[in-house]
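**Student:** This is the structure I want to talk about, given as structure tokens.
The values are calculated or read from the model by the stated rules, or taken from the named source; none is laboratory data. Just so it is clear, the structure is predicted and the values come from calculations on it, not from any experiment. Glycine gets a Cβ as well: all are built from the backbone with ideal geometry, and neighbour counts include every protein chain shown. For accessibility, only protein heavy atoms count, side chains too; no ligands or nucleic acids. Shrake-Rupley method; radii C 1.70, N 1.55, O 1.52, S 1.80 Å.
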Amino acid sequence: MSQTQQATTVDVAIIGGGLVGASLACALGGLIEAERARAGERAPLRVAIIEPQPLPSAGEANAYQPSFDARASAIAYGSRRHFERLGVWSAMATEAAPIRHIHVSERGHLGATRLHADELGVEALGYVIPNAWMGRTLHARLESLPIDWHCPARVESLEAERGGYRLALDTGEIIHAGLTVLADGGRGGFKERLGIESEHHPYEQTALIANIEVSQAHDGWAFERFTREGPMALLPLAGRRMELVWTHRQGEVEKTLALSDRVFLERLQQTFGDRAGRFRRVGQRHSYPLSLVTARETTRPHLAILGNAAHALHPVAGQGFNLALRGVMDLAAAIESARAESRSAGDPKTLEEFEAARAADTRQIVRFSDGLIRLFGIDHAPLGHARAAGLIGLNALGPLRRTLARRAMGIER
Ligand SMILES: Cc1cc2nc3c(=O)[nH]c(=O)nc-3n(C[C@H](O)[C@H](O)[C@H](O)COP(=O)(O)OP(=O)(O)OC[C@H]3O[C@@H](n4cnc5c(N)ncnc54)[C@H](O)[C@@H]3O)c2cc1C
């Protein structure tokens, strides 16, 4: 070993401190605190997390200024409950816009369906929160937890060894981990290097994201509209702003990105209609090519894969992070029960049980998001009428609609 290489041994190493990795670290930090409170049993869990992007300096999180351009995500009501358990919800809620009503429609067809939070007996169907704010509240919570932060630091190599994995960091440090969690968003190339295959279906669509200022108060309405080019969504943000997710066919987004703000707003108004009021201003526009990527394996002995590294979905139903957060909570629970039975975190039985518990939820959400794109992407008149009838019918069918809504909200599986 060279002089710069320090070696540490941990029970769990998390590669990536994005939304998913940071959420898992918060969950495990809570477990460590509980184990410490029962001092005297055995050494508490040791957890390391590695993230290359530098964090905001101490105190900066409190100075967060909401920006007109910030990207935001729709968080299901069930995810709010998970954030409560992680001890971050009260901070997160200060920048969260509640979704109280959802309106789903299809361009050129009459059908529309509406969902209301009060019908389901909840305060909100979900919340829209700027991604940067979610990240900051999770990182601020982590600062108070007994976790080994390696930041800024990048994992350069990951190799299986007896009893776990060996991680080499670009800082020269070496970490030996009984369980390694890949939460790198699929960006580090580790799956490929470990020979873990993924199914990859490009949608030949690109999502354009921007913040829009509207002429009237949105009153917590979120709109989902299916068009021939692909789905679009307008989600409520604080004040009179809404987050636009506008899907374009491949090769067409560049033209929309290049439009002047005035022409862009006119085109958007024409496509979306007036149901959210008049569109007054647009912020920076960003684009994301869309694919469905699902890893064929999400666990191996001493290894678990979470978040975008395990499944990247179409954002139409806003389910990617919500699904990942359920995986985070289930993995933390599996580790807790393994330790209660004196098994290690990376024990193959623990990971097999975790994988089996996650499989059905992941399959359902992938099928739901992908099915919506395929159903509404087919340009065929009889099908269009059937879809419209479906939307109208769904509106009339109270109990079924409520069941579907509760599932999408992450409060029923
Ligand atoms: C346009 C769009 C809109 C979306 N909207 C929603 C929504 O409304 N609701 C919803 O639930 N989901 C939504 N999603 C999905 C959601 O954004 C993802 O599920 C989520 O961002 C995945 O987070 P992650 O932590 O897995 O990955 P990432 O956010 O990619 O984080 C990975 C982290 O790993 C780090 N990393 C990479 N390589 C290394 C390395 N070698 N060593 C150490 N660290 C490394 C990176 O720096 C990064 O911080 C949307 C996605 C898109 C594209």
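**Student:** Please state, to two decimals, what the Cα-based radius of gyration of the range 156-299 comes to when divided by 2.2 N^0.38 Å (N = residues).
**Tutor:** 1.46
**Student:** Counting heavy atoms of the protein chains only and a 1.4 Å probe, report the per residue accessible area for the range 107-166 as a whole number of Å².
**Tutor:** I get 47 Å² per residue for the range 107-166.
**Student:** Can you send over the carbon and sulfur percentage of the accessible area for the range 236-347, probe radius 1.4 Å, protein chains only?
**Tutor:** Roughly 46 percent, rounded to a whole number.
**Student:** With θ set to phi - 60° and the Karplus curve 6.51 cos²θ - 1.76 cosθ + 1.60, what are the ³J(HN,Hα) couplings of the range 20-26 in order, to the nearest whole Hz, using x for Gly and Pro?
**Tutor:** 6, x, 5, 5, 5, 4, 5
**Student:** Something else: Per residue, what volume in Å³ does the convex hull of the Cα atoms of the range 239-313 enclose?
**Tutor:** Output value, Cα hull per residue: 144 Å³.
**Student:** Another question about this same structure. So, for the range 232-371, what is the accessible surface per residue at a probe of 1.4 Å, expressed in square angstrom?
**Tutor:** So the range 232-371 comes to 43 Å² accessible per residue, rounded to a whole number.
**Student:** As a test of reading the structure, rank Arg154, Arg367 by solvent-accessible area (1.4 Å probe, protein chains only), most first.
**Tutor:** Output order, biggest surface exposure first: Arg367, Arg154.
**Student:** Give the span of the range 115-158's Cα atoms along each principal axis, as three whole-Å numbers ordered largest to smallest.
**Tutor:** Taking the Cα atoms of the range 115-158, the three principal extents are 50, 25, 18 Å.
**Student:** For the range 174-221, with every protein chain kept in place, what is the accessible area per residue (1.4 Å probe, Å²)?
**Tutor:** 41
**Student:** Can you give the convex hull volume of the alpha carbon atoms of the range 307-368 per residue, in Å³?
**Tutor:** So the per-residue Cα hull volume is 66 Å³.
**Student:** Shifting gears a bit: So, with a 1.4 angstrom probe, what is the percent of accessible area on the range 143-226 that is carbon and sulfur?
**Tutor:** 41
**Student:** Taking N as the number of residues in the range 267-355, what is its Cα Rg relative to 2.2 N^0.38 Å?
**Tutor:** 1.65
**Student:** So for each of 285-291, 118-124 I average, over its residues, the number of other beta carbons within 10 Å; can you give me the resulting order with the highest mean first?
**Tutor:** Ranked by mean Cβ neighbours within 10 Å, highest first: 285-291, 118-124.
**Student:** Next question. Based on the Cβ-Cβ distance of Arg85 and Arg162, what FRET efficiency does E = 1/(1 + (r/R0)^6) give at R0 = 35 Å, to the nearest 0.05?
**Tutor:** So, using R0 = 35 Å, E works out to roughly 0.50.
**Student:** Quickly work out the Leu257-to-His286 label distance, labels modelled 7 Å from Cα along the C-beta direction, and quote it in nm with one decimal.
**Tutor:** That separation, rounded to one decimal, is 1.3 nm.
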